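Engineer: Before anything else, here's the structure in question.
The values are calculated or read from the model by the stated rules, or taken from the named source; none is laboratory data. From a predicted model like this one, the values you see are computed outputs, not experimental measurements. Ideal geometry is used to build each Cβ from the backbone, glycine not excepted, and the neighbour counts take in all protein chains shown. The area values use the complete protein model at the heavy-atom level, side chains included, leaving out ligands, DNA and RNA. Shrake-Rupley method; radii C 1.70, N 1.55, O 1.52, S 1.80 Å.
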Amino acid sequence: MGDKSTEDDRPVLGTSDELDSPRKRMRLDNSARKGWSLTDRKADHEVLQEMGVSLLDPDDCEASDVASFDNLHQHKAQKRKRDIENVNPNVNSMSPRKHSPKSPRVKVKVCSPSPGPSRIRSPRSLEKVKLVQHTDLETSLIDEFLAEEETPLAQSVTAKYGDIPHSVGFGAGSATGGKKTARLTPLGLEEELIMTRRTKCEPLGADSFDVLSDEMILSVFKWLPKRTLANCMLVCKRWYRLACDETLWQRLDLGNKTLSKDALGRILARKPVVVRLASSEIGEWLTSTPTPSRIQYLDLSICTIDLDTLDSLMACCPALRKLSLENVQLRDTTCELIGKCKNLETLNLTMAQGITAEGLSYILNGCQNMLSLNLSWCGLTKAALAELLGPDEEEDPEDSSSEVCRVQPDKVLPRLQRLSLAGARVLSDDMIHRLTQRFPHLLELDLSDCAALSSKAVHYLHMLPRLHHLALSRCYLLPQALPKVVNMPALQFLDVWGMLPSKSLNALKEAMPSIQINQFMFSAIARPTVGQRRTSIWGLRTRD
């Protein structure tokens, strides 16, 4: 059909008809169009706008709309980045998102430059709009994923699995099916240090203690407590050998402890010098071949120990210089072993049970270097006192068969200076006389609670020229003879607790101004501890 016939068949449009779309005019026109050609520019322009072909040619308005769309998402991403930096200052910067070159450049048409085209979108136009919406949705999800990687937890996970690439696709709406790779955010300094400490391996190389000599290690070990020193023995053979060095075990304080069976043998193996076992429960320990130990000062006061174990201990301590067996059960074999300690200077047997005349003779014959002896409240019999003080010369030999002296008079404690016989109820005035003859060099004498003494005993005490401390507490027959004590040349301290009322005591102090009265309530003769001191025995420290 020619061009001329086409122009004749088309009706003439008015001003109001031109405002409507060409498709509407075709519905109103009863005669259908017979055809169209690209040579008709006016019809082609209208039809192309109607079908949405003009979307293929972007204009300035479309470019401005896409730019505003990208700026909106970039503004949201920057705002979230600032919030993350406020929480975690270690995050340096967030890398700008770049679209993959393979992904299509999506543009949204907002307005049309010509007022004439139809507002009904073609199928191809609707398909492109869906592509834009789907792409925007995935882009927002990618933004949130990248923002989550900038938290400290995400950085730690990223540092651990940083060598695994993370990729996020744009979905089925992408023209080329391309993928976008998320760049990992670097860790901060604090997070890197945490991860380094967690994954740090043990240092390799030689032990630093191998460089030190044995003397240097011993100088370190001497400052450790005994319990820590025992744990050091479990490290290695060298430490065991050094921790067992006898210089580290000079003093042992095991008071108020419970020792298991055979523990006493392990204590002696450490070769200590000063040992305190007061008020301890000592387990059984027997030895057939006693090995001499280095113990010189031993405190067994008020301890619980078996007689056989005590004998085994005494057999291993021939070098004792000071010993306390206060309130401990003894027997003759134990006293015999004590008598073998030739260097024994101080012996405390306060309230010890089982001391007989024979057992006491072993001690008196063997310990010739004794300086201090405490036999208070031991329940000594007359026979035992006869071993110490000598037999009574005026007594009938037939009645003195039980008081046979087994001790040579010239070898009975020639160096004794301090003696306590407190609580000896059978001690008489004649025995005090024999005491002054056998021990003329006494410096301190305790006769408290010897109720049988009278004023005649005070007369015998004047025969001790060097006596400077005398205890006569609770000797109720002596108050009338106390003023005679002032004539003793060297006396400095006098204890008369429980004998005089307050007025008489004040009068006695005025009568003897050079003598200090009632300065010591308890006797300290041969006792390891006096008062509240419990970390030393006989003035020697028991703890390093």
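Engineer: Quick one: in segment 367-385, of everything that is under 13 Å from Pro414 (Cβ atoms) and touching a helix residue (DSSP H, G or I) at 6+ places or on another chain (Cβ under 7 Å), which residue is surrounded by the fewest Cβ atoms within 10 Å (Cβ to Cβ)?
Structural biologist: Only one residue tops the list, namely Gln368.
Engineer: Return the residues of segment 512-544 that are surrounded by 15 or more Cβ atoms within 10 Å (Cβ to Cβ) and at positive phi; say none if nothing qualifies.
Structural biologist: Across segment 512-544, the qualifying residues are Asn518, Ala526, Trp538.
Engineer: If you don't mind, another one. Need the failing condition index for Asn506 against (1) modelled with pLDDT of 90 or more; (2) exposed (fewer than 15 other Cβ atoms within 10 Å of the Cβ); (3) in a loop (DSSP other than H, G, I, E, B), just the number.
Structural biologist: (3)
Engineer: Let me ask you something else. Counting only residues that are hydroxyl-bearing (Ser, Thr, Tyr) and open to solvent by less than 20 Å² (accessible area, probe 1.4 Å), which one in segment 305-361 is farthest from the chain's Cα centre (by Cα)?
Structural biologist: Out of the qualifying residues, it is Ser361.
Engineer: Check off (1) touching a Leu at 6+ places or on another chain (Cβ under 9 Å); (2) under 30 Å from Tyr297 (Cα atoms); (3) aliphatic (A, V, I, L, M) for Ala524 and give me the number that stays unchecked.
Structural biologist: All conditions pass for Ala524, except number (1).
Engineer: Could you please give the count of residues in segment 285-302 that are closer than 28 Å to Gly539 by Cα and either within 37 Å of the chain's Cα centre (by Cα) or open to solvent by less than 90 Å² (accessible area, probe 1.4 Å) (or both)?
Structural biologist: Going residue by residue through segment 285-302, those that are closer than 28 Å to Gly539 by Cα are 291-302.
Pick out the ones that are also either within 37 Å of the chain's Cα centre (by Cα) or open to solvent by less than 90 Å² (accessible area, probe 1.4 Å) (or both) and you get 293-302.
So the count comes out to 10.
Engineer: Shifting gears a bit: Take Arg466 and tell me if it is within 59 Å of the chain's Cα centre (by Cα) and closer than 21 Å to Ala424 by Cα.
Structural biologist: no
Engineer: What is the number of the single condition among (1) of a type in the set (Gly, Ala, Ser); (2) within 28 Å of Thr304 (Cβ to Cβ); (3) in contact with a Cys (Cβ under 9 Å, 6 or more places away or on another chain) that Ala230 does not meet?
Structural biologist: (3) is the only condition that Ala230 fails.
Engineer: It is to be established whether one or more residues within segment 236-255 are open to solvent by 50 Å² or more (accessible area, probe 1.4 Å), over 30 Å from Leu310 (Cβ atoms), in a loop (DSSP other than H, G, I, E, B) and not small (Gly, Ala, Ser).
Structural biologist: yes
Quick grid of which residues meet (1) open to solvent by less than 80 Å² (accessible area, probe 1.4 Å); (2) at pLDDT 90 or above; (3) small (Gly, Ala, Ser):
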residue: Lys456; (1), (2), (3): no, yes, no
residue: Met463; (1), (2), (3): no, yes, no
residue: Val486; (1), (2), (3): yes, no, no
residue: Pro489; (1), (2), (3): no, no, no
